[in-house]
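The values are calculated or read from the model by the stated rules, or taken from the named source; none is laboratory data. This one's a predicted model, so the numbers in the text were calculated from it and none came from an experiment. Quick reminder, even Gly has a Cβ in these numbers, built from the backbone with ideal geometry, and neighbours come from all protein chains shown.
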Amino acid sequence: MNDPMPPLQPAWRRYPALFAALWRNSITREMQFKTNFLLWILVEALWFALQLAFMSVVYGHTESIAGWNRWQVILLVGCSHFIQQVFTAFFLTNISDISEHIRTGRLDFMLLLPVNTRFLISFRKVDLGAFVNAASAVGVMVWALRNLHHTPSPLEIAAFLGLCVAGLIIHYSLMFLLSSAAFWIVRAQGVVWGYYNLFNIARIPEGAIPQGIYRRVFTFVLPMLLVSNVPAQTLLGTLHSPTHPFLLIGLSLACFAVSEWVWRLSLRRYSSASA
């Protein structure tokens, strides 16, 4: 008598193993180009240092900007850089490659695999150097907190990390949404990298932006002003209203839902690169 067939493994159990395999491939790929790996870390470190130097120059002429003193803004810049580098580590290269997947036909192959295509596209590569730069951002935030003589409570640290995840989801969802334009215009790298350049807005204190259409757009449409300001204020203990954290979380869920809807709509009109 034949043994009964083993039960099928639940689909969700495949993803941790798949993610681990993608990590191994990324490490192997990075180690093949060690010089490029080190140079990229150096370039990002210099860019971060220039941002901090710029803020030092600004605060050489004023004591406060929209109620933020020098060390609070340095923490805000560190927070913005931390979120940006974590996003770069996991998603930037993957999302910018979507138009190439469509143009070259690689997407056809991915659609045939027994895994969620969006998961595979989103986590296909990992930028290990960005983790080094994210660690430097954490160091700057700790440095700023020491100069402010403020020690965040465990609850504030947990809330900070949760809100950073919400900001990360917003960046990921909006960039993925924009990259879906490649289904219509084939090459969408210009649109994707244009959004990436808007990350710099996140390091500006929210109160420094005058009330008006500009502030509304970058709060509710492209919520750059919330992505770093809300986590930074939470870590500083200067956030006294729950409105902005709930707004940030709500917008992250809304952005993800819209990006998923557009992604599925785009796949329905996709007829493969060979059609």
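Quick rundown of the values:
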{"quantity": "Failed item in (1) closer than 25 Å to Ile65 by Cα; (2) surrounded by fewer than 21 Cβ atoms within 10 Å (Cβ to Cβ), with Trp193 passing the rest", "calculated": "(1)"}
{"quantity": "Sole residue being in a helix (DSSP H, G or I), of a type in the set (S, T, N, Q) and touching a residue at least 60 places away in the same chain (Cβ under 8 Å), chosen from Thr219, Thr234, Thr238", "calculated": "Thr234"}
{"quantity": "Criterion violated by Glu63 - all others in (1) touching a strand residue (DSSP E or B) at 6+ places or on another chain (Cβ under 7 Å); (2) in a loop (DSSP other than H, G, I, E, B) satisfied", "calculated": "(1)"}
{"quantity": "Criterion (under 21 Å from Phe91 (Cβ atoms), free of Cβ contacts under 8 Å to residues at least 60 places away in the same chain, part of a helix (DSSP H, G or I) and of a type in the set (A, V, I, L, M, F, W, C)) met by exactly one of Leu247, Leu226", "calculated": "Leu226"}
{"quantity": "Top-ranked residue of region 127-144 - restricted to ones that are in contact with a Ser or Thr (Cβ under 7 Å, 6 or more places away or on another chain) and assigned to a helix (DSSP H, G or I), ranked as surrounded by the fewest Cβ atoms within 10 Å (Cβ to Cβ)", "calculated": "Leu128"}
{"quantity": "Members of region 201-216 found to be surrounded by 13 or more Cβ atoms within 10 Å (Cβ to Cβ) and not aliphatic (A, V, I, L, M), listed by number", "calculated": "Arg203, Pro205, Glu206, Gly207, Arg215"}
{"quantity": "Residue in region 68-81 that is part of a loop (DSSP other than H, G, I, E, B), polar (S, T, N, Q) and modelled with pLDDT of 85 or more present", "calculated": "yes"}
{"quantity": "First in region 189-208 and modelled with pLDDT under 80 and outside any loop (DSSP other than H, G, I, E, B), second anywhere and surrounded by fewer than 18 Cβ atoms within 10 Å (Cβ to Cβ) and among the hydroxyl-bearing types (Ser, Thr, Tyr), Cβ under 9 Å, 6 or more apart", "calculated": "Gln189/Ser96; Val192/Ser96; Trp193/Ser96; Tyr196/Ser96"}
{"quantity": "Residue list for region 223-275, filter: modelled with pLDDT under 90 and farther than 30 Å from Val140 by Cβ", "calculated": "Ser266, Leu267, Arg268, Arg269, Tyr270, Ser271, Ser272, Ala273, Ser274, Ala275"}
{"quantity": "Selected residue (criterion: nearest to Phe19 (Cα to Cα)) from residues of region 93-126 that are among the hydrophobic types (A, V, I, L, M, F, W, C) and part of a loop (DSSP other than H, G, I, E, B)", "calculated": "Phe123"}
{"quantity": "Verdict on Ser259 being within 23 Å of the chain's Cα centre (by Cα), more than 27 Å from Ile157 (Cα to Cα) and not acidic (Asp, Glu)", "calculated": "yes"}
